[in-house]
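The values are calculated or read from the model by the stated rules, or taken from the named source; none is laboratory data. As the structure is a computational prediction, the values presented were derived from the model and not from experiment. Here the Cβ positions follow ideal geometry from the backbone for every residue, glycine too, while neighbour counts run over all protein chains shown.
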Amino acid sequence: MQTNSYFEELNFEEKKKIIVSKKIDTTFSDTMHWHPFVEILVSCYDNNEVTINFTKYTLKINDLVIIYPGDLHSLIHVDEKAFILVQFPLDLLMIMSEFNSNFSVFSQYHCIKYDPSNIDVDRMIFLIKELPELYYSDALFNEVRIYSLLLEFFVKFGQYCINDKKEEFASDTNEEYKSLKLMAEACLYISQNCTKSLTLDDISRYIGFSKYHFSHLFKTYTNMTFIDFLTTERIKMAESLISNPKAHMIDIAYDSGFSSISSFNRAFKKIKGISPSEFRKTLINNSVDVKSPVGLEEEGDPVS
């Protein structure tokens with residue numbers, strides 16, 4: 001559940017889309033907060049502690065943490081050099097249909113323990129560690145290079161997540177692959193059509209499974225029921241519309257796929273922890289601007 005206890009908005013200076021730093025601002029390290037962008041952390045010390053959505057993770061060197069938009073989180077008693085930090089808008093990834101369709105799986109993974117024997121995990125850590133030097137360099141197209149490394153990171157991350165999910169499916173390799181592919185297709189279809197009147201029968205027919213078999217596989221794949229997933233996708237749509245201060249809430253409700261303003265308000269508060277109007281006020285009026293970490297050695301650092 002998200003709350004408005006602390007909302008963080010980054011100010012990406014010089015039209016940059018990605019922030020990288022080897023320092024964090026410890027002023028905010030013990031403060032629960034959330035933000036509308038993705039944050040990747042690689043632990044530089046043993047025993048760093050991170051809380052995400054009220055789950056505490058005790059880290060070792062090279063353990064990886066991914067914080068998604070809306071996750072309520074804090075870093076506990078850490079110093080400024082405790083992490084390598086990367087921050088960027090989720091849109092940089094969601095333009096890729098494969099990421100979009102698998103986002104419900106990726107977002108279940110917040111902490112990955114470093115395992116040098118796992119090629120994908122080892123490569124992920126290496127890619128993040130390459131970013132700071134490139135970020136502060138004067139190399140031509142350095143942000144494009146950073147973006148390409150981030151995309152490679154999420155290729156490895158996706159492989160890790162899908163391989164982990166395979167263990168929860170049937171032992172038959174062909175059936176397992178087919179099920180994973182169809183569940184990803186179902187997620188993408190729901191995301192793209194969430195504003196329409198969708199039912200479990202509609203999606204199960206679209207995929208070609210009975211609704212009972214589909215429900216079981218979908219819950220295994222997404223860790224959510226069909227209704228919860230559909231509602232979450234509609235709330236994501238509403239969040240993007242709410243940022244327009246001139247849009248009326250009743251129009252946002254219907255444009256997001258809800259049948260009434262009351263059902264929209266209930267669903268929004270259940271998922272986000274605050275009402276749509278409170279969310280808009282927090283988003284527009286109470287945001288915290290944080291400087292881009294250009295020249296961080298002399299200036300302040302980004303909030304994590």
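Between Ala186, Ala238, Ala267, which is over 27 Å from Leu72 (Cβ atoms) and in contact (Cβ under 8 Å) with a residue 24 or more places away in the chain?
Of the residues listed, the single one that is over 27 Å from Leu72 (Cβ atoms) and in contact (Cβ under 8 Å) with a residue 24 or more places away in the chain is Ala186.
For residues that are in contact (Cβ under 8 Å) with a residue 12 or more places away in the chain and β-branched (Val, Ile, Thr), scanning just region 216-226, find the one that is surrounded by the most Cβ atoms within 10 Å (Cβ to Cβ). Break it down stepwise before answering.
Going residue by residue through region 216-226, those that are in contact (Cβ under 8 Å) with a residue 12 or more places away in the chain are 217-218, 220-224, 226.
Remaining after also requiring β-branched (Val, Ile, Thr): 220, 222.
On the way: Thr220: 13, Thr222: 24.
Result: Thr222.
Could you look through region 156-196, keep only residues that are outside any helix (DSSP H, G or I) and more than 24 Å from Ile95 (Cα to Cα), and pick out the one that is modelled with the highest pLDDT? Walk me through it before giving the result.
If we filter region 156-196 for residues that are outside any helix (DSSP H, G or I), which is where we start, we get 167-172, 193-196.
Filter once more, so that each one left must be more than 24 Å from Ile95 (Cα to Cα): 167-172.
Values: Glu167: 69, Glu168: 65, Phe169: 62, Ala170: 54, Ser171: 52, Asp172: 51.
It comes out as Glu167.
In region 73-100, what residues are in a helix (DSSP H, G or I) and either among the β-branched types (Val, Ile, Thr) or free of Cβ contacts under 8 Å to residues at least 12 places away in the same chain (or both)? Steps first, please.
Initial filter on region 73-100 (in a helix (DSSP H, G or I)): 91-94, 97-100.
The answer is Asp91, Met94.
Can you find a residue in region 136-154 that is assigned by TED's automatic domain parsing to the domain that holds Pro36 and on the phi > 0 side of the Ramachandran plot?
So the first thing to find is which residues in region 136-154 are assigned by TED's automatic domain parsing to the domain that holds Pro36, and the list is 136-154.
Still in the running and on the phi > 0 side of the Ramachandran plot: 141.
So far as region 136-154 goes, yes, one or more of its residues are assigned by TED's automatic domain parsing to the domain that holds Pro36 and on the phi > 0 side of the Ramachandran plot.
Criterion first (at pLDDT below 95, more than 14 Å from the chain's Cα centre (by Cα) and assigned to a helix (DSSP H, G or I)) does Asp115 satisfy it?
Numbers: at pLDDT below 95: yes; more than 14 Å from the chain's Cα centre (by Cα): yes; assigned to a helix (DSSP H, G or I): no.
It is false that Asp115 is at pLDDT below 95, more than 14 Å from the chain's Cα centre (by Cα) and assigned to a helix (DSSP H, G or I).
Condition first: of a type in the set (Ser, Thr, Tyr), assigned to a helix (DSSP H, G or I) and within 20 Å of Gln192 (Cβ to Cβ). Now tell me which residues in region 211-252 satisfy that.
Of everything in region 211-252, those that are of a type in the set (Ser, Thr, Tyr), assigned to a helix (DSSP H, G or I) and within 20 Å of Gln192 (Cβ to Cβ) turn out to be Tyr221, Thr222, Thr231, Thr232, Ser240.
Are any residues in region 31-56 part of a strand (DSSP E or B), among the hydroxyl-bearing types (Ser, Thr, Tyr), at pLDDT below 95 and surrounded by 13 or more Cβ atoms within 10 Å (Cβ to Cβ), and if so, which ones? I'd like the intermediate steps shown before the answer.
Residues of region 31-56 that are part of a strand (DSSP E or B), as a first pass: 33-34, 37-43, 49-52, 55-56.
Among the residues that remain, those that are also among the hydroxyl-bearing types (Ser, Thr, Tyr) are: 43, 51, 55.
From what is left, the residues that are at pLDDT below 95 are 51, 55.
Hit for region 31-56 is Thr51, nothing else.
Take the residues in region 83-113 that are more than 26 Å from Met237 (Cβ to Cβ) and in contact with a strand residue (DSSP E or B) (Cβ under 7 Å, 6 or more places away or on another chain); name whichever of them is surrounded by the fewest Cβ atoms within 10 Å (Cβ to Cβ). Let's see the steps before the verdict.
Filtering region 83-113 down to residues more than 26 Å from Met237 (Cβ to Cβ) leaves 83-86, 111-113.
Going one step further and asking which of them are in contact with a strand residue (DSSP E or B) (Cβ under 7 Å, 6 or more places away or on another chain), we end up with 83-86, 111-112.
Values: Phe83: 26, Ile84: 23, Leu85: 26, Val86: 25, Cys111: 16, Ile112: 20.
Ranking the candidates gives Cys111 first.
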